[in-house]
Amino acid sequence: MISRLRGEVLAAGGTWVELDLSGFGVRVLCTPATAASARLGEQLIVHTSLVVREDSLTLYGFGSADERDLFELAQSASGIGPRIALAICSVFTPAEFASAVRADNTSAITKVPGIGAKGAAKLVLELKDKVLGFVGSTTVVTTPADDGGWREQVRGGLEGLGYSTRDAEVACDRVADLVANDPDIGVAILLRAALRSLAK
């Protein structure tokens, strides 16, 4: 099991990073927030989960072990694959997701792309007793949005989750006020706000 990687960032997109591990290049799929924290030429640590399929080996990376554990936990629910599990980690912090599940807040869970009302209710039923470890946990976001590149990062992240460029631009416009009010706001917070605005 590959649980953690540390390497130099060779390239990054809206939902992936490519790391150089002593000459060995590895592409890791990740949340938009994790991708946004990557800086070319700098070291990046990601907590990883390897998903094995008949025709592929796919590595998913996260900014914290809690996010990785939530990704794996979400997939233990019936009907939830890696794509939707990654979307859950993009919309919620582990603590936020745990709180929504414990409170039977299915309307909040339906803000995740690919999860409808029935799916949210099923998710709550299956995971309610399993999310206790995430209650009170936090994910620290260190990437500020005041570098002027927040819009590109948010748009790229939304497109990576399957939204059209037009919808992504609309969502960026909706959260622009958050940057104006707090230039130090994290990109991950903007991404979650943008996702929630699209789910309305």
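The values are calculated or read from the model by the stated rules, or taken from the named source; none is laboratory data. What you see is a predicted model, and the numbers here were worked out from it, not measured in a lab. Neighbour counts run over all protein chains shown; Cβ positions are idealised from the backbone, glycine included.
Please count how many residues of segment 48-80 are surrounded by fewer than 20 Cβ atoms within 10 Å (Cβ to Cβ) and in a helix (DSSP H, G or I).
Total meeting the criteria: 3.
What do you reckon, is residue 86 surrounded by 18 or more Cβ atoms within 10 Å (Cβ to Cβ), touching a strand residue (DSSP E or B) at 6+ places or on another chain (Cβ under 7 Å) and aliphatic (A, V, I, L, M)?
yes
Condition (residue is in a loop (DSSP other than H, G, I, E, B), in contact (Cβ under 8 Å) with a residue 24 or more places away in the chain and not assigned by TED's automatic domain parsing to the domain that holds residue 189) applied to segment 81-94: is it met by at least one residue?
Yes, there is a match, as at least one residue in segment 81-94 is in a loop (DSSP other than H, G, I, E, B), in contact (Cβ under 8 Å) with a residue 24 or more places away in the chain and not assigned by TED's automatic domain parsing to the domain that holds residue 189.
Within segment 35-63, can you find the residues that are modelled with pLDDT of 90 or more and polar (S, T, N, Q)?
Matches in segment 35-63: 43, 48, 49, 58.
When residues of segment 166-200 are filtered for being closer than 18 Å to residue 90 by Cα and loosely packed, with under 13 Cβ neighbours inside 10 Å, how many remain?
Final tally of qualifying residues: 1.
Residue-by-condition table, conditions (1) touching a residue at least 24 places away in the same chain (Cβ under 8 Å); (2) in contact with a helix residue (DSSP H, G or I) (Cβ under 7 Å, 6 or more places away or on another chain):
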{"residue": "50", "(1), (2)": "yes, no"}
{"residue": "66", "(1), (2)": "yes, yes"}
{"residue": "79", "(1), (2)": "yes, yes"}
{"residue": "105", "(1), (2)": "no, no"}
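With the structure loaded, tell me whether residue 25 is outside the structural domain of residue 160 (by TED's automatic domain parsing), more than 12 Å from the chain's Cα centre (by Cα), surrounded by fewer than 21 Cβ atoms within 10 Å (Cβ to Cβ) and not in a strand (DSSP E or B) or whether it fails that test.
For residue 25, the condition - outside the structural domain of residue 160 (by TED's automatic domain parsing), more than 12 Å from the chain's Cα centre (by Cα), surrounded by fewer than 21 Cβ atoms within 10 Å (Cβ to Cβ) and not in a strand (DSSP E or B) - is not met.
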